[in-house]
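Each remark here refers to the structure printed beneath this line.
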Amino acid sequence: MSAVAAEKKSYTRAVITAPQTIVMEDVPLPEIDRDQVLVRMRAAALCTWEQRTFAGTDTWSYPLVGGHENSGIIVAIGSDVELKAKVGDQVALAGSKRCGQCNSCRRGVLNLCDNARSQRVAGKAWGPGGFGEYVVAEGYQVYPVGPVATPLEAALTEPTACVIHDMKKHPVKNGDVVVIVGAGIMGLLHLMLAKKIPCTVIVSEPDPDRRAKAKELGADALIDPSTEDYVERVKELSGGNGANVTYMAIGVPRAIEAALLGAAKRGIVSCYASIQPRGSTITVDPNVFHDREVVLSGAIAQDPDDFLAASQIIGRRELDLRPLISMVFPLSKLADAFAAASRKDTYRVLVQPDEEYAASHQGKAAGRSS
Ligand SMILES: [Zn+2]
Ligand SMILES: [Zn+2]
């Protein structure tokens with residue numbers, strides 16, 4: 001497998017240079033340093049960051065080589081890398097930088113490293129790199145994912161780690177009533193993980209197909225907030241007590257206000273999704289915090305232990321992510337993949353940068369499944 005790297009002098013990557021603009025570039029394959037790992041990408045998913053960048057609603061990161069949710073195989077390991085992995089092993093990459101030297105890193109707030117965006121040099125193509133055939137990663141960013149998982153499943157290690165992080169900060173206890181607001185992929189990941197714990201999970205989602213998907217994946221009850229009173233329904237479904245934990249998997253301010261009113265005494269509401277547009281506000285009687293000790297919180301990205309947990313449960317397929325993989329495209333069709341990802345009836349859309357591998361695994365790893 002290392003021969004693949006040895007033979008290649010250059011590789012292809014897709015750079016988002018402006019709204020609706022993708023440039024396929026052929027660039028030299030870089031040498032790795034002693035503490036780096038060279039990974040040949042097999043799958044990368046289209047998350048909201050990449051989707052907003054392509055759409056032009058998020059413009060800070062041009063020119064971007066996206067693909068922060070990715071997987072591949074190791075083709076070369078630097079001599080100083082201490083990783084328990086070898087050439088040919090399947091891995092997922094945690095793209096976020098942990099500098100280890102800033103105030104946040106030293107306080108153990110590893111998901112919020114103060115230098116997380118410092119990899120960027122203005123005007124130069126940069127980014128996590130899953131939308132390219134190869135990525136050079138630091139040893140600490142590389143997580144082995146067991147071979148039971150296909151590359152497409154392994155590429156969902158990063159979003160799963162983010163959800164594990166949210167649920168670590170705002171844990172579900174046995175017997176809790178949990179509400180998940182929004183049944184996109186992030187809401188469904190919360191649902192699948194919550195269902196591993198004996199608890200009642202209610203999913204609130206206006207789209208009927210997404211509600212049906214939530215039901216299929218184990219939701220105990222459903223709310224259609226477009227026709228039903230959210231707070232009333234949560235109270236009704238929880239014996240009048242409200243929700244112990246509410247995960248906001250959509251970023252709608254009015255839904256956060258409703259979640260606070262639907263929370264149980266000492267209930268927690270976590271803003272998992274970013275709230276769009278930025279600068280939005282919510283209106284709440286702060287007595288909800290005083291009278292009922294409700295907690296409003298949030299979560300972003302992941303710590304190393306979250307990524308490790310995700311890589312392990314996905315690698316053993318203890319968490320089966322196949323229901324969330326909707327469509328797969330070759331990297332050269334990235335624009336089509338973005339169009340598919342923006343549709344309401346898809347969960348995760350992925351590209352396969354290693355088109356040779358993808359062709360030889362058609363129908364098994366590739367292929368549509370929703
Ligand atoms: Zn993501
Ligand atoms: Zn740091």
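The values are calculated or read from the model by the stated rules, or taken from the named source; none is laboratory data. Note that the structure is a prediction, hence the values are computed from the model and not measured. Using ideal geometry, Cβ is built from the backbone for each residue, glycine included, and neighbour counts are taken over all protein chains shown. The protein model used for the area step is the full one, side chains on, heavy atoms only, and it has no ligands, DNA or RNA in it. Shrake-Rupley method; radii C 1.70, N 1.55, O 1.52, S 1.80 Å.
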Cross-link table Lys86/Lys333; Lys169/Lys196; Lys173/Lys265; Lys9/Lys84, entries beyond 21 Å C-alpha to C-alpha
Lys86/Lys333; Lys9/Lys84
Compute, for the chain, the length of the dipole vector about the Cα centre, with Cβ point charges of +1 (Lys, Arg) and -1 (Asp, Glu) only. Units Debye, rounded to 20.
200 debye
Given charges of +1 on the Cβ of Lys and Arg and -1 on the Cβ of Asp and Glu, with all other atoms neutral, how large is the dipole of region 164-293 about its Cα centre, in debye to the nearest 20?
500 debye
His170 accessible area, 1.4 Å probe, all protein chains in place, Å² to nearest 10:
10 Å²
Send over a whole-number figure in Å² for the accessible area per residue of region 254-370, probe 1.4 Å.
51 Å²
Just check region 47-109 against the gyration tensor rule for me: Cα atoms, a ≥ b ≥ c as the square roots of the eigenvalues, rounded for a/c under 1.5, and otherwise prolate or oblate depending on whether a/b exceeds b/c.
oblate
Step through the residues of region 75-88 one at a time and calculate ³J(HN,Hα) from phi using the Karplus curve (6.51 cos²θ - 1.76 cosθ + 1.60, θ = phi - 60°), rounding each to whole Hz and writing x for Gly and Pro.
10, 7, 10, x, 5, 9, 6, 9, 4, 8, 7, 10, 4, x
Please compute the modelled spin-label separation between Arg322 and Glu31, points set 7 Å along Cα→Cβ, answer in nm with one decimal.
4.5 nm
Whole-angstrom gap from region 19-51 to region 179-194, using each part's C-alpha centre
28 Å
Residue-wise, which Karplus ³J(HN,Hα) couplings in Hz belong to region 65-72, taking 6.51 cos²θ - 1.76 cosθ + 1.60, θ = phi - 60°, and x for glycine or proline?
9, x, x, 7, 9, 8, 8, x
Quick check: the distance between the Cα centres of region 235-274 and region 64-131, to the nearest angstrom?
34 Å
Leaving ligands, DNA and RNA out of it, rank Met248, Met327 by accessible area with a 1.4 Å probe, largest first.
Met327, Met248
Within the chain, what percent of beta bridges assigned by DSSP are antiparallel, to the nearest 5?
55 percent
If I compute solvent accessible area with a 1.4 Å probe over the protein chains, what percent of it on region 227-341 is carbon and sulfur?
53 percent
Go through region 208-218 residue by residue and turn each phi into a ³J(HN,Hα) via Karplus (6.51, -1.76, 1.60, θ = phi - 60°); whole Hz please, and just put x for glycine and proline.
x, 5, 5, 4, 4, 5, 4, 4, 4, 8, x
Under the rule of at least 5 residues apart or a separate chain, name every residue whose amide H is placed under 5 Å from the amide H of Ala263.
Ala243
Given the Cα atoms of region 226-352, and with Rh set as the inverse mean 1/r over their pairs in the Kirkwood sense, what is Rg to Rh to two decimals?
1.06
Quick one: helix 185-194 against the long Cα principal axis of the chain, what's the angle to the nearest 10°, folded into 0 to 90?
70 degrees
Everything considered on the Cα gyration tensor (a ≥ b ≥ c; rounded for a/c under 1.5, else prolate if a/b is larger than b/c, else oblate), region 249-308 must be described as oblate
Give a quick list of GluC sites (Glu not before Pro) in region 17-68 that DSSP marks as loop, anything other than H, G, I, E or B, with at most 15 other Cβ atoms within 10 Å.
Glu31
Loop-only chymotrypsin sites (Phe, Trp or Tyr not before Pro) in region 39-76, please: DSSP not H, G, I, E or B, and at most 16 other Cβ atoms within 10 Å.
Trp60
Suppose every K and R has +1 on its Cβ and every D and E has -1 on its Cβ; what is the size of the dipole of region 41-92 about the Cα centre, in Debye to the nearest 20?
140 debye
Roll a 1.4 Å probe over the protein chains and send me the accessible area per residue for region 80-173 in Å².
45 Å²
Can you tell me how much longer the chain between Arg278 and Ile300 gets when fully stretched, taken as 0.36 nm per residue apart minus their C-alpha distance, in nm with one decimal?
6.4 nm
Using DSSP to call loops (not H, G, I, E or B), can you name the GluC sites (Glu not before Pro) in region 63-170 whose Cβ has at most 10 other Cβ atoms within 10 angstrom?
Glu82
